[in-house]
Amino acid sequence: MEEKSTDTLEKIQRAAMEEFSEKGFLGASLRQIVKRAGVATGAFSGYFSSTEALFASIVAPSAAALWGGFRAVQTSLLEMHDQEQPDRKWLM
């Protein structure tokens, strides 16, 4: 049962990625997403409260990875001594 739930979730997210890629967030259609995924609208509601929540579930992992990388660079720069830091003119 759990495996089927994961499969349905992945189908919805994959279909949504295609829809968002083709039409953008504002142009995307929930009806098209569930049709592409081959699930009923009720099944969608079992996983996501809204199209916004679905979109967030898709972009959150990438956003978290980017933010983590940014924070790591900032932390390493703060830990360097002034003479070791690269030229910071690009920050301005």
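A few points about this structure:
- For VAL73, the accessible area of its heavy atoms, probed at 1.4 Å with every protein chain present, is near 80 square angstrom.
- Net charge, ILE33 excluded, C-beta distance under 12 Å - Lys, Arg +1, Asp, Glu -1: +3
- Accessible area (Å², per residue) of segment 1-76, counting only protein heavy atoms and a probe of 1.4 Å: 68 Å²
- With both labels modelled 7 Å from their Cα along Cα-to-Cβ, the SER57 to MET80 distance reads 4.1 nm.
The values are calculated or read from the model by the stated rules, or taken from the named source; none is laboratory data. No experiment lies behind these values; they were computed from the predicted model shown. Glycine gets a Cβ as well: all are built from the backbone with ideal geometry, and neighbour counts include every protein chain shown. We work out accessible area using only protein heavy atoms, side chains counted, and drop any ligands, DNA or RNA first. Shrake-Rupley method; radii C 1.70, N 1.55, O 1.52, S 1.80 Å.
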